[in-house]
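Please read the structure below before turning to the comments.
The values are calculated or read from the model by the stated rules, or taken from the named source; none is laboratory data. Everything numeric here is computed off the predicted structure, so don't read it as measured data. When we count neighbours, we look across all protein chains shown, and the Cβ atoms used for this are built from the backbone with ideal geometry, even at glycine. Keep in mind that these areas ignore ligands, DNA and RNA; they rest on the heavy atoms of the full protein, side chains included. Shrake-Rupley method; radii C 1.70, N 1.55, O 1.52, S 1.80 Å.
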Amino acid sequence: MTDLKYSDVTPREDFLNRRRFVAAMAVGGGSIAAGLAPSISSAAIDAVPSIYSTDEELTPLEAITTYNNYYEFGTGKDDAAKRAGGLTTKPWSVVIDGMVNNPGTYDLEDILKDVTLEERIYRLRCVEAWSMVVPWIGFELGTLIARADPTPGARYVAFETLFRPEEMPGQSSRLLEWPYREGLRLDEAMHPLTILATGLYGEELPNQNGAPLRLVVPWKYGFKSIKAIVRMTLTEEEPPTTWNMQSPREYGFYSNVNPEVHHPRWSQASERPVGKGFFAKRKPTLMFNGYAEEVASLYDGMDLRQNY
Ligand SMILES: Nc1nc2c(c(=O)[nH]1)N[C@H]1C(S)=C(S)[C@@H](COP(=O)(O)O)O[C@H]1N2
Ligand SMILES: [Mo]
């Protein structure tokens, strides 16, 4: 590196937030909990970056929180930032049911208190037609599923978003079939790179990004990462998913990032980095969004054109 200061090369917003983030990390001997709002785990947590963290340049907070897809609040990229503020996210609980030995309503505060659910900072690439690098705070989905203790026949996890039209104005339209649904194969759900996020940039998760609890599956297209989760159901059969129900030819169950398999209406070979101006150079998209080493083996022997 040169002796350029970090602030010389980084958008100011990003710089300030990184500084706040680093300051929070310094508090309490590495615990980020001390400096943060209570819904980020109150357990003593080590602010250890996940081994999966990339050191690529982070997308500025401003871009991550103003350029969103969240149809419960409208179809415009800025609708969620404008309208999601009024969503009540406390208290929050998640029903875990279906093929598990410990079904029930899990209170989010209790989930986060559990010391086995260690939160980490995951600086992950997220991609769709556009791409971002987001410093999530989250924990492995697998640890929560393990608590619910799937029965031997369980093969998939179905996820559901909150249905609350009074606070989610988009749910009064028939744009999509509500609630928003997603699903993963159980081995995908148990992979340590599949996380539940509760925060980003060292702060509580903003509502527009799916507060208080959203999925992040970084090797799949963005729509798999369902927001505001209230239910997880373990099933034997592949569960229905919102975008697949809406347009099965365009959106498959797997939706693994794959630069060679194109969406019927557009190429998926490249991506536009968000937060660098609209004319920023597009980047080639990587197989499994760059996480092939970690996840390709989940799909050994599968035809990824067939299983798009
Ligand atoms: N409940 C719900 N979850 C959702 C969506 C949505 O409309 N509703 N949009 C998805 C899509 S299409 C994308 S690209 C990502 C966007 O996440 P971000 O706004 O945090 O970048 O959220 C996904 N999760
Ligand atoms: Mo999306």
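Observations
- Test: residue in the range 195-206 that is of a type in the set (Gly, Ala, Ser), under 15 Å from the mean Cα position of the chain (by Cα) and closer than 23 Å to ASP300 by Cα: no
- Within the range 254-276, the only residue that satisfies the criterion of being free of Cβ contacts under 8 Å to residues at least 60 places away in the same chain, open to solvent by 30 Å² or more (accessible area, probe 1.4 Å) and outside any loop (DSSP other than H, G, I, E, B) is SER270.
- In the range 217-229, the residues that are within 13 Å of ligand 2 (Cβ to nearest atom) and either open to solvent by less than 10 Å² (accessible area, probe 1.4 Å) or aliphatic (A, V, I, L, M) (or both): VAL217, LYS220, LYS224, ILE226
- Wholly enclosed strands (runs of 3 or more DSSP E) of the range 147-253 bearing at least 3 residues away from ligand 1 (no atom under 12 Å from the Cβ) and not small (Gly, Ala, Ser): 195-200, 229-235
- Of all the numbered requirements in (1) closer than 19 Å to PRO212 by Cα; (2) away from ligand 2 (no atom under 16 Å from the Cβ); (3) touching a strand residue (DSSP E or B) at 6+ places or on another chain (Cβ under 7 Å), ASP97 misses one, and that requirement is (1).
- Flag if LEU298 is open to solvent by less than 20 Å² (accessible area, probe 1.4 Å) and in contact (Cβ under 8 Å) with a residue 60 or more places away in the chain: no
- Qualifying position, being closer than 24 Å to TRP136 by Cα, among the basic types (Lys, Arg) and either within 16 Å of ligand 2 (Cβ to nearest atom) or modelled with pLDDT of 95 or more (or both), among ARG214, ARG282: ARG214
- Residue-level analysis places SER297 outside the set of residues that are in contact with a Phe, Trp or Tyr (Cβ under 6 Å, 6 or more places away or on another chain) and either within 30 Å of THR151 (Cα to Cα) or among the acidic types (Asp, Glu) (or both).
- Residue pairs meeting the criteria (Cβ under 6 Å; at least 6 apart or on separate chains; first closer than 19 Å to GLY98 by Cβ, in the range 216-231; second near ligand 1 (Cβ under 9 Å from one of its atoms) and among the polar types (S, T, N, Q)): ILE226/THR161
- The listed residue being under 19 Å from ASN69 (Cα atoms), surrounded by fewer than 23 Cβ atoms within 10 Å (Cβ to Cβ) and out of contact with any Lys or Arg (no Cβ under 6 Å at 6 or more places or on another chain), out of TYR251, TYR180: TYR251
- Residue check for MET232: closer than 27 Å to ARG147 by Cα, touching a strand residue (DSSP E or B) at 6+ places or on another chain (Cβ under 9 Å) and surrounded by 13 or more Cβ atoms within 10 Å (Cβ to Cβ): yes
- Residues of the range 277-295 classified as in a loop (DSSP other than H, G, I, E, B), closer than 26 Å to GLN306 by Cα and open to solvent by 20 Å² or more (accessible area, probe 1.4 Å), total: 1
- Of all the criteria given as (1) in contact (Cβ under 8 Å) with a residue 60 or more places away in the chain; (2) open to solvent by less than 30 Å² (accessible area, probe 1.4 Å); (3) more than 16 Å from ligand 2 (Cβ to nearest atom); (4) within 18 Å of TRP136 (Cβ to Cβ), the one not satisfied by LEU196 is (1).
- Residues in the range 100-133 that are of a type in the set (Asp, Glu) and either touching a strand residue (DSSP E or B) at 6+ places or on another chain (Cβ under 7 Å) or at positive phi (or both): ASP107, GLU118, GLU119.
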